[in-house]
Structure formats: C-alpha cells, structure tokens
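K.L.:
Here it is: the structure, laid out below.
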Ligand SMILES: C[S@@+](CC[C@H](N)C(=O)[O-])C[C@H]1O[C@@H](n2cnc3c(N)ncnc32)[C@H](O)[C@@H]1O
C-alpha cells in the first residue's frame, strides 16, 4: 500500500482552472481532486457560476430511523434541501447534470409510505429540467421496517432508490453509447441470424436495423446493483484504524454509470455530501476532476483508503491519526 504524502501546495491543477479556492483549505488532494472538511453550503455559495459538469450525490435521506450523521425529518426535509439545490443549479454549466440518489421513507408508527422523495422530485423539476428518473434496485436491501416486513409480514422489502437526473437545460450532455451493456443471448442470436422487419403487436414498426450489432444493448433506467461491499480495501482500512465505516455508502458502479454516461475525461464533478468519497474515487479512476465536501472527519479519514497512490494531505499532521502517515 502506498504512503500518504503531506501536500506542499493545495489545489490540484485541473481544479485551479475553475477557481482558486482562496480561503478553502482541502483536507486532502489527489492528482485530480480535493476533499474538504466543510459544510458544503459554505463551499457551494462561494464557488463560481457555471463551473461544474456534474453534481452527483446521495444526501442524508429523511429516514424515520436516524442515521449517526443526522437526518432532517420529513416535515423539514424540503426546506433544508432546496437551498442546496438552488446553488447546485447556479454552479452547473449549461450542459451540466444533477444526479440525486434518494431513498424512500415510512411514516413513523404506521405501514404507510412517505411521499417526500416524490415531492422533492416534483419541486426540483420546477428548478431544473427532469431529464429522466432512474430506479436503483438493490437486491441486498434488508427487510425493513422489520415490524411491517419481517414480523407482521404486511409489506414487502423496499429495494429501490429513486435516482433523479436533472439538467440545467433541456439538453444536458449525455451519450448512452458510453454505457452500453452486454447483449442478451437472444439478442446475440438475432444479430447472428438476422432480424426480419415486422410490425409488433403494439403497432411499432421494427426495422431491419434492429438486428444490427451496435456494440451492446442500450441500458434501461433500472439499474440493478447489489450494495454488498464487505471486503474492500476501504473496509479493511477502517477496521485497522478503528474508524467506523460509513453506514450509508452508495456503490461505485452506480456512480460510475452516471460519470461515464454524462461526463468526459477532464470534466469536473462535485459531491456536496461526500461521506466515504465513493464519488471522488470513481472520478479519479475515470480521470475526471472532483470536489467532495463532508462534515464528518472520521468519514474523510476512512475515505483516504480509497486512493491507490495515497492522497496528499494538506491538514496539519497533528489532527490525523499517526498511522495514516505510515505505509498503509
Ligand atoms: C448518505 S451519506 C453519503 C454517503 C456517500 N455517498 C458514500 O457513498 O459514502 C450523506 C453524508 O452527508 C454528510 N453531510 C450532511 N450534511 C452535510 C453538509 N451540510 N455538508 C457536508 N456534508 C454533509 C453526512 O455527514 C453524510 O456522511
């Protein structure tokens, strides 16, 4: 494992192209990105307009059962969250995208669903243009709330997160050729043996082009990704340091899908609720510049393990566990 380095200069060069970050000291940096220990609202307000290609994030949800990092209750959620979104809109380039992973919630004490995440989507589609809604299916979700799902058995597992994709304009940059999926066996057969153009029972005319090999299948807006990370370097490193792993991480492949789909190499991506910095690590591996904000220092310390080459630490070493400066 690589050593962590104390940085001499702050912000990596690709980010200096968008802003000098004066007055904002990163907690650590890499060749392409910077993680800040900060309330993201402070940062968002200070950043220059039209500077970002993608904002992708998973904010604290309005859960009935509180997470350790604090969640706003459903009644206050929209008032809390909308000011962040207004700033995000200002910061996006005209062709930029805002991707928001948001889980559902239950009304406390009864087997009734909250509608806050739908209301949020409706409110945001007045601020932005709703490019498309995605459904992230996580087959590994636990059967909760236990009372309704596992004990009384009157509801089923809630295994879907809504992932809202908004554009600042009607045409955010996107290219589905960058996220093609392997063809199914039947489609492979069809390509091999040719397709006879015909009218479907639905009335749609399917032309011979349908049987053409385009290098892969166009993905649907349903992304099935089991969130089952159990033996990653991130988790091992957290255990070694005695740091509690972040309790609500999203999977790398979810972030990777949108980064591939909506950005190009060299673009700038922000995650204002960075947690364990999955966003930064994915962007680093895909050669995008990135900015992450996170309030909780433990989460940031754990996130250092996500970077192959050892990020550059710009904080005084006294504020960090000594072990971070040894070989990891
Ligand atoms: C759902 S978690 C994000 C997890 C992250 N996507 C990951 O995969 O590790 C939300 C995070 O937002 C952080 N947070 C909440 N309010 C914040 C704020 N105003 N500024 C920065 N971070 C904040 C919380 O500490 C928490 O770690």
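The values are calculated or read from the model by the stated rules, or taken from the named source; none is laboratory data. The structure displayed is predicted, hence computed values, not measured ones. Note that each Cβ is placed from the backbone with ideal geometry, even for glycine, and that neighbours are counted across all protein chains shown.
So that you can scan it fast, the table gives a plain yes or no per residue for (1) buried (at least 24 other Cβ atoms within 10 Å of the Cβ); (2) assigned to a strand (DSSP E or B):
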residue	(1), (2)
253	no, no
257	no, no
260	no, no
266	no, no
276	yes, no
287	no, no
292	yes, yes
303	yes, no
310	no, no
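K.L.:
What pairs can you find where one residue is in segment 228-250 and within 26 Å of residue 136 (Cα to Cα), the other is more than 13 Å from the ligand (Cβ to nearest atom), and their Cβ atoms are less than 7 Å apart, with a gap of 6+ or different chains?
P.N.:
As it stands, the answer is 228/140, since those pairs meet every condition given.
K.L.:
Given the conditions (1) surrounded by fewer than 11 Cβ atoms within 10 Å (Cβ to Cβ); (2) at pLDDT 85 or above; (3) more than 30 Å from residue 87 (Cα to Cα), which single one is not true for residue 170?
P.N.:
(3)
K.L.:
Limited to segment 273-304, what total is found for residues that are over 10 Å from the mean Cα position of the chain (by Cα) and within 12 Å of the ligand (Cβ to nearest atom)?
P.N.:
Residues flagged as over 10 Å from the mean Cα position of the chain (by Cα) and within 12 Å of the ligand (Cβ to nearest atom) within segment 273-304 amount to 15.
K.L.:
I would also like to ask the following. Out of segment 25-51, which residues are at pLDDT 90 or above and over 19 Å from residue 281 (Cα atoms)?
P.N.:
Within segment 25-51, 39, 41, 42, 43, 44, 45, 46, 47, 48, 49, 50, 51 qualify.
K.L.:
State whether one or more residues within segment 224-232 are at pLDDT 85 or above and either crowded, with 20+ Cβ neighbours inside 10 Å or near the ligand (Cβ under 9 Å from one of its atoms) (or both).
P.N.:
no
K.L.:
Among (1) at negative phi; (2) in a loop (DSSP other than H, G, I, E, B), where does residue 215 come up short?
P.N.:
(1)
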